[in-house]
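Worksheet: one structure, shown below.
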Amino acid sequence: MAVHWLLICHGLITLIVVVSFLCGQWPIFQGTPISSIHRFITFGAYQYFLKLVGAVFGDKGINSILSVEYYCCDRSNPILQIIYLAIIGSTYYIIVKTSFQYIPGYYLSGVHRYTSLLAVAIGILLFLLTSFSNPGTVTVDNVSHYLSVYPYDNIIYTKKECSTCKLPKPARSKHCSICNRCVARFDHHCGWMNNCIGERNTRYFLAFLLWHFLICMYATIAIGLVLAGRLKELKIVYILTVYYGVENSFRSLAPHIIQWLLGSYNSQILLMVFMAIVSLLLAGFFAYHAKLCLTNTTTNETFKWQDYVSWQKKLSEARASSVALKASIDRMDSERKPPDNKCKSFFRRSPLENTEAVAKNNVYDKGFFHNLYEVIFPVPTRASHSHTKSKSG
């Protein structure tokens with residue numbers, strides 16, 4: 001029984017750590033233990049480690065750690081790509097070793113031995129496409145094209161030159177300090193892919209997220225059906241009710257069945273819980289990026305819009321305060337005048353209420369279907385663009 005509780009505690013701790021690491025910065029978790037654990041994992045633990053290294057090895061040890069940090073976090077490197085391949089390879093290997101012996105089973109046919117391998121292979125293919133495809137690098141040859149495709153909105157994008165590439169900077173582009181290049185319709189730099197996500201590979205990135213969500217759901221359901229099949233094949237419910245006198249109801253049978261599953265198939269249970277958690281996280285990431293694509297916005301632009309809206313609100317509040325101050329001075333100057341009618345005073349709006357609403361005018365949002373089409377078929381890959389380019393040549 002102690003082993004069962006140990007497995008349950010292990011699963012809960014794993015869940016808390018994974019959620020804290022990936023989602024601890026979300027507003028919903030602010031001021032909760034999840035947020036504190038996230039800060040410790042992402043910042044606090046590293047700072048304590050640096051202090052320990054400094055105390056033992058001095059400045060040379062700290063400089064060595066910082067150089068490793070610079071390579072891992074600020075330079076292009078394949079570390080996370082290797083970790084991804086190790087995770088997906090080891091997970092599939094464990095599933096094969098622990099669950100394939102029960103396939104075919106009561107609920108699953110033998111075809112799932114091959115469909116699972118095909119699903120993993122497609123996932124790795126999408127990973128390679130996203131990792132090694134051109135995200136839309138801005139060069140001397142194509143900068144004029146990108147300047148015409150993405151006009152400046154004069155709100156969050158204005159005409160300027162990239163200080164590093166020394167090229168005109170097209171709207172929606174950004175210079176990636178890690179890859180050291182300007183990328184058209186820049187979304188973000190993905191460490192897992194060791195590549196930027198931009199105009200030409202956003203479609204692969206979205207397909208990668210969606211497919212891996214489906215793989216994790218497939219694995220979760222398949223393992224669940226394997227365990228359900230074992231219950232049927234071994235007639236566990238029949239044995240519990242007939243030989244052990246357990247009442248034939250869900251409430252009575254559930255604790256005994258869970259205890260039996262944890263004792264006999266603990267590896268499959270842990271795998272199923274792990275895959276379910278990962279699938280939920282992937283669903284959240286996919287939903288977020290899908291929403292951005294359908295509104296023709298990038299992750300980079302969400303931060304730009306937040307800064308713009310915040311600045312506009314502060315400007316509007318400053319104007320309102322100025323108007324209110326002027327109104328109060330005017331009232332002081334007119335104290336000797338007869339007082340206004342009480343009805344008029346009641347319905348008169350305060351100058352502070354005249355703060356202008358800040359509108360987010362995204363000129364690149366051209367409608368649901370056009371936005372989706374633009375992501376699936378980037379401008380350089382469209383036949384119409386190639387035809388126009390050949391004509392002009």
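Each reported figure results from applying straightforward, stated rules to the coordinates on display, with no laboratory input. Everything quoted here is computed from the prediction, not taken from an experiment. Here Cβ is always computed from backbone atoms with ideal geometry, including for glycine, and neighbour counts include all displayed protein chains.
Please give the direction-averaged projected area of the C-alpha convex hull for segment 90-183, in square nanometres with one decimal.
Averaged projected area of segment 90-183's Cα convex hull equals 10.0 nm².
Mind checking which helices in the chain clear 15 Å along their axis (Cα) and have mean Kyte-Doolittle hydropathy of 0.5 or more, DSSP H runs only?
Result, helices passing both filters: 2-23, 79-99, 112-132, 202-233, 250-264, 266-294.
Round to the nearest 0.05 the FRET efficiency obtained for Tyr152 and Ala324 when R0 = 51 Å and r is the Cβ-Cβ distance.
Efficiency computed from Cβ-Cβ geometry: 0.90.
Could you compute the net charge surrounding Val138? Neighbours are other residues with a C-beta less than 11 Å from the C-beta of Val138; K and R count +1, D and E count -1.
It works out to a net charge of +3.
Could you work out how far apart the two model spin labels at Phe303 and Leu22 are, taking each label as a point 7 Å from the Cα in the direction of the beta carbon, and quote it in nm?
Result for the modelled spin labels: 2.2 nm.
Which value in Å is the Kirkwood Rh of segment 1-75 over different Cα pairs?
Hydrodynamic radius (Kirkwood, Cα pairs) of segment 1-75 is 14.6 Å.
Give the Rg/Rh ratio for segment 78-289, taking Rg as the radius of gyration of the Cα atoms and Rh as the Kirkwood radius, to two decimals.
1.20
What is segment 1-142 by shape, rounded, prolate or oblate, if you read a ≥ b ≥ c off the alpha carbon gyration tensor as root eigenvalues and call it rounded for a/c under 1.5, prolate for a/b larger than b/c, and oblate otherwise?
oblate
In whole Å, what are the Cα extents of the chain along the three principal axes, biggest one first?
Its Cα atoms span 98, 72, 58 Å along the three principal axes.
So if we plug the beta-carbon distance of Ser90 and Ile221 into 1/(1 + (r/R0)^6) with R0 = 25 Å, what FRET efficiency do we get, rounded to 0.05?
0.75
In nm, to one decimal, how far is the modelled label at Tyr243 from the one at Glu161, with both set 7 Å along Cα→Cβ?
8.4
Which values, in whole Å and largest first, are the semi-axes of the equivalent ellipsoid of segment 70-131 obtained as the square root of 5 times each eigenvalue of the Cα gyration tensor?
Listed largest to smallest, the semi-axes of segment 70-131 are 32, 13, 5 Å.
For every helix of n ≥ 4 consecutive DSSP H residues, a contribution of -39,500 (n - 2.57) applies; sum these over the chain, divide by its total residues, and give [θ] at 222 nm rounded to the nearest 500 deg cm²/dmol.
-21500 deg cm²/dmol
What residues of segment 89-107 lie in the reach of a label at Leu117, counting those whose backbone N is under 16 Å from a point 7 Å from the Cα along Cα→Cβ?
Correct set: 89-90, 92-104.
Which FRET efficiency value, to the nearest 0.05, is calculated for Leu128 and Leu50 with the Förster distance at 41 angstrom and r the Cβ-Cβ distance?
It comes out at approximately 0.70.
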